[in-house]
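Written below as structure tokens is the structure these notes are about.
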Amino acid sequence: MNINVLDLKWLELALSQAQSAVGLSSPNPRVGCVIVNDNVVIGQGHTQAVGQAHAEVMAIRDAQSKGKGLDLEGCTVYVTLEPCSHFGRTPPCVDALKAISPARVVVALLDANPQVAGAGVTALREAGVIVDVLPVEHALARAAYDLNVGFMARMRFSRVYTRLKWAASADGKTALPDGRSQWITGAEAREDGHRFRARADVIVSGIGTVLGDDPQLNVRGVVVERPPIKCIVDAYARTPLNARVFDDGAPVWLACVELNGDDGEYERQAERLHVLRTAHPQLLVLAFSEEEKGRLDLNELWAYFYSRQINEVHVEAGAILNAALFEAGLVDEVLMYVAPRVVGAGKLVAAFDEGVNLDALVEEGHWHWSAPALLGGDLRLILKLN
């Protein structure tokens with residue numbers, strides 16, 4: 001590896017470009033690209049919406065729009081993820097790069113997509129381009145991975161990356177005894193939570209939270225080109241017609257249990273769904289098997305997410321749904337905001353059924369801490385699956 005301090009500087013700039021693809025590029029990864037010649041940036045860009053230009057093409061266009069097209073030959077290209085080498089919705093990025101004859105390409109992270117997975121680097125080297133790749137343990141490679149943790153999970157493990165978020169008191173309560181929960185943490189923690197919402201393709205909550213807190217489940221204070229889909233886990237379609245999740249017109253998925261015509265509840269649920277669909281055209285109703293009374297099969301719902309190429313799911317729910325997700329083995333990360341207060345009696349973060357086997361969850365080495373931070377008076381802790 002022949003990567004120097006200046007290379008790292010330009011890769012950091014490329015990572016800042018990749019951040020701009022949050023809320024835009026999914027299901028494609030968030031990628032940034034910076035093109036440099038004689039230590040001067042001549043073009044930069046990030047991946048656009050699906051079916052549109054990738055980061056490398058955007059950076060080339062940026063250089064050309066500034067009259068720097070002639071400077072592209074012999075340049076150095078810095079990209080946060082290995083350039084793609086296959087035809088998908090767009091032509092291969094390696095072809096766009098070969099067309100400008102760069103002297104060198106510096107890559108932060110190899111692509112986990114099996115259609116790429118080193119083929120992009122190989123194609124560039126075969127074309128005579130020098131390619132340097134950061135070691136996977138390097139901080140910038142790790143940052144590029146973390147920015148695309150959902151895409152990587154889908155490519156490497158055929159899994160939808162699921163983040164559970166809660167705000168709690170120091171004694172692990174998410175609400176005061178009277179049920180109030182919205183302001184347990186301060187403004188800085190709440191703002192940080194919205195930045196994590198912005199990363200998600202889908203924000204999930206349960207019917208208990210919808211009925212109790214009436215959340216909007218939207219992204220506030222962060223500009224996103226495409227708002228996350230809202231998904232309510234609501235076995236019997238009890239979501240109120242005037243629930244605030246519908247207020248902004250963003251897509252809403254309602255995950256219910258699939259009832260049959262012999263069930264006395266069938267006609268009542270069908271009528272409720274008809275009323276909801278009529279009032280809210282952005283609503284998509286999904287039906288899944290009933291595992292037990294009042295609980296749909298979460299594995300089926302998550303399989304549906306995977307079929308829709310969902311990278312990241314962000315869950316803000318109550319104790320019952322949180323516990324069910326842990327029990328189903330669907331949780332990859334827990335995002336916790338801990339307030340410096342003791343509530344005493346109140347709602348727990350998770351309520352596990354008696355007799356549930358949690359051996360895998362509590363096994364030593366199953367989880368690790370990541371990125372503790374103080375936000376105002378609150379503590380942010382992130383627990384990640386190993």
Taking the stretch 100-128 on its own, how many of its residues are in contact with a strand residue (DSSP E or B) (Cβ under 6 Å, 6 or more places away or on another chain) and among the β-branched types (Val, Ile, Thr)? 4
Among residues of the stretch 229-266 being within 27 Å of the chain's Cα centre (by Cα) and acidic (Asp, Glu), the residue surrounded by the most Cβ atoms within 10 Å (Cβ to Cβ) is 234
Within the stretch 99-133, residues surrounded by 18 or more Cβ atoms within 10 Å (Cβ to Cβ), within 27 Å of residue 150 (Cα to Cα) and not aliphatic (A, V, I, L, M) come out as 111, 113, 120
Can you name every residue in the stretch 54-90 that is closer than 12 Å to residue 13 by Cβ, part of a strand (DSSP E or B) and over 21 Å from the mean Cα position of the chain (by Cα)? 78
State whether the residues of the stretch 7-16 include one that is within 19 Å of the chain's Cα centre (by Cα), in a helix (DSSP H, G or I) and not assigned by the TED database to the domain that holds residue 199. yes
Restricting the stretch 169-222 to residues that are under 20 Å from residue 338 (Cβ atoms), in a strand (DSSP E or B) and not β-branched (Val, Ile, Thr), the residue that is modelled with the lowest pLDDT: 175
Among (1) in a loop (DSSP other than H, G, I, E, B); (2) touching a strand residue (DSSP E or B) at 6+ places or on another chain (Cβ under 9 Å), there is one condition residue 51 misses while meeting the rest; what is its number? (2)
State yes or no: is residue 311 more than 22 Å from residue 210 (Cα to Cα) and polar (S, T, N, Q)? yes
I need the full set of residues from the stretch 93-134 which are touching a His at 6+ places or on another chain (Cβ under 6 Å) and assigned to a loop (DSSP other than H, G, I, E, B), in order please. 115
Quick test for you: out of 99, 153, 170, pick the one residue that is free of Cβ contacts under 8 Å to residues at least 24 places away in the same chain and among the hydrophobic types (A, V, I, L, M, F, W, C). 99
For the stretch 210-228, what are the residues that are touching a residue at least 60 places away in the same chain (Cβ under 8 Å) and surrounded by 21 or more Cβ atoms within 10 Å (Cβ to Cβ)? 217, 219, 228
Subset of the stretch 288-321 [modelled with pLDDT of 95 or more and aliphatic (A, V, I, L, M)]: 298, 301, 303, 310, 313, 315
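The values are calculated or read from the model by the stated rules, or taken from the named source; none is laboratory data. For clarity, every value in this text was computed on a predicted model and none was experimentally measured. Positions of Cβ are backbone-derived with ideal geometry, glycine not excepted, and every protein chain shown enters the neighbour counts.
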